[in-house]
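The values are calculated or read from the model by the stated rules, or taken from the named source; none is laboratory data. All values derive from a computational prediction rather than experimental measurement. Cβ placement follows ideal geometry from the backbone for every residue including glycine, while neighbour counts extend to all protein chains displayed. Remember, those area values only see protein heavy atoms, side chains included, never the ligands or the DNA or RNA. Shrake-Rupley method; radii C 1.70, N 1.55, O 1.52, S 1.80 Å.
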Amino acid sequence: MSGGEIDVSGVRIVLLNWQGFDTTSTCVESLRSCGYGDDLVIIVDNGSPDGSGPRLREKFPNITYVQNDNNDGFARGCNLGIRQALAETAEFILLLNNDCEVTPGFLEAMVRCARSHDKVGLVSGKLYLLQPGSDDRIWYAGAQRRTFRGGVGLRGHLAPDPGEFDVEEPTEGCTGAMMLIPREVLERVGLLPEEYFFGMEEWDYSEQVRRAGYTLWYCPDAVVYHRSDGSHDNLSPKFVYCGHRNSLIYQSRYLNRAKYEAWLRVYAAYVKWYSPRRLGYDADTMDMFRKAWRAALRDHRARKDHWVTAEDLEAFDQEYQGARGR
């Protein structure tokens, strides 16, 4: 338990590791420096081929450790940690990205928020971008409206903090980078949706929790610094492919059939005509963006359960590189 009046001993903090020994170690040390004991932390290694998982278990022997045999993506990996936390009778589970560094009192602020309002389903705090020269640029400060590609829009994303996001208030979505989930919600709504390999699962889960009658909260007093994108390249072919698959899963779930078919037509036109001007990609990147979309649509339609796997991402990457003669 950290200092202060709020008891956080009933919280379990789930950190998902994939080839991130130094990154995960820094996160744990950050938690320790703010007074949060190893007994609160659960590390899940998502089948890291570099041996970082066993090294973390050796370095932090007092932390609960869960080994996954495969890289099953964000939600499936986190769910292993959530199940462990529930087995330990946790009152709250905090999902915290392993590339985060926390500030004193952040956890107490989140728990206080969860206990201060009725029917709280999820809580996220204020995340700043942890990069040289970022000057406290916002990564997450609450969310608004559903976006064209699915999910929600982030307020002030990547902009300097204007000081206007300092009010504790309901939000449209809570980020999986820092998401406090009450036990009751997990028992009633279920675990994170596992169809997504990486990305969009947090917005899907936010929607599920909201539809179950809960409110989502943004707590600006819970401040964390987030390195962001430490495990992937946003413009790698398989990540772009994954993003298209995620949009297809989300929209097919939350739009009725007529609206979904209309969205498909508009999105295909966006990929083909509008995105080159809006995104400013060069010709090779746009070619990859469009091929990733066509493959994503093909594979989404071919798989009835709509799950995205690491094998799917690798298969598209090989398909794309093969077409380029590499």
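Restricting GLU195, GLU169 to those that are open to solvent by 10 Å² or more (accessible area, probe 1.4 Å), under 20 Å from CYS113 (Cα atoms) and in contact (Cβ under 8 Å) with a residue 12 or more places away in the chain reduces the list to GLU169. Only residues that are on the phi > 0 side of the Ramachandran plot and buried (at least 16 other Cβ atoms within 10 Å of the Cβ) were counted across the range 128-166, and they come to 4.
Just checking: which of the helices (runs of 4 or more DSSP H) contained wholly in the range 231-326 hold 3 or more residues that are in contact (Cβ under 8 Å) with a residue 60 or more places away in the chain? Write out each step before concluding.
Details: elements: 237-254, 257-269, 275-279, 283-302, 310-323.
Answer list for the range 231-326: 237-254, 310-323.
Looking for whichever is among the acidic types (Asp, Glu) and surrounded by fewer than 18 Cβ atoms within 10 Å (Cβ to Cβ) here; the options are ASP72, ASP39. Which one fits? Let's see the steps before the verdict.
Working: ASP72 fails: surrounded by fewer than 18 Cβ atoms within 10 Å (Cβ to Cβ).
Among ASP72, ASP39, only ASP39 is among the acidic types (Asp, Glu) and surrounded by fewer than 18 Cβ atoms within 10 Å (Cβ to Cβ).
Within the range 208-221, residues that are surrounded by 15 or more Cβ atoms within 10 Å (Cβ to Cβ) and at pLDDT 95 or above sit with their Cβ atoms under 7 Å from residues that are assigned to a strand (DSSP E or B) and among the charged types (D, E, K, R), at 6+ positions apart or across chains, in these pairs: TYR218/GLU169; PRO220/LYS126. Say we look at the range 58-69 and pick out the residues that are of a type outside the set (S, T, N, Q) and surrounded by fewer than 17 Cβ atoms within 10 Å (Cβ to Cβ); which of these is nearest to the chain's Cα centre (by Cα)? Only one residue tops the list, namely ASP69.
Quick grid of which residues meet (1) out of contact with any strand residue (DSSP E or B) (no Cβ under 9 Å at 6 or more places or on another chain); (2) farther than 29 Å from THR24 by Cβ; (3) outside any strand (DSSP E or B):
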{"residue": "PHE148", "(1), (2), (3)": "yes, yes, yes"}
{"residue": "ASP166", "(1), (2), (3)": "no, yes, yes"}
{"residue": "LEU192", "(1), (2), (3)": "no, no, yes"}
{"residue": "GLY199", "(1), (2), (3)": "yes, no, yes"}
{"residue": "ASP221", "(1), (2), (3)": "no, no, no"}
{"residue": "SER228", "(1), (2), (3)": "no, no, yes"}
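Of all the listed residues (GLN131, GLN67), the sole one being in contact with an Asp or Glu (Cβ under 7 Å, 6 or more places away or on another chain) and not aromatic (Phe, Trp, Tyr) is GLN67. Looking at the range 75-127, which of its residues are open to solvent by 30 Å² or more (accessible area, probe 1.4 Å) and assigned to a strand (DSSP E or B)? Once the filter is applied, which keeps residues that are open to solvent by 30 Å² or more (accessible area, probe 1.4 Å) and assigned to a strand (DSSP E or B), the range 75-127 yields only GLU101.
None of ILE181, ILE138 is hydrophobic (A, V, I, L, M, F, W, C) and touching a Gly at 6+ places or on another chain (Cβ under 6 Å) except ILE138.
For the range 6-50, the candidate set comprises residues that are β-branched (Val, Ile, Thr) and part of a strand (DSSP E or B); within that set, the residue that is nearest to the chain's Cα centre (by Cα) is VAL14.
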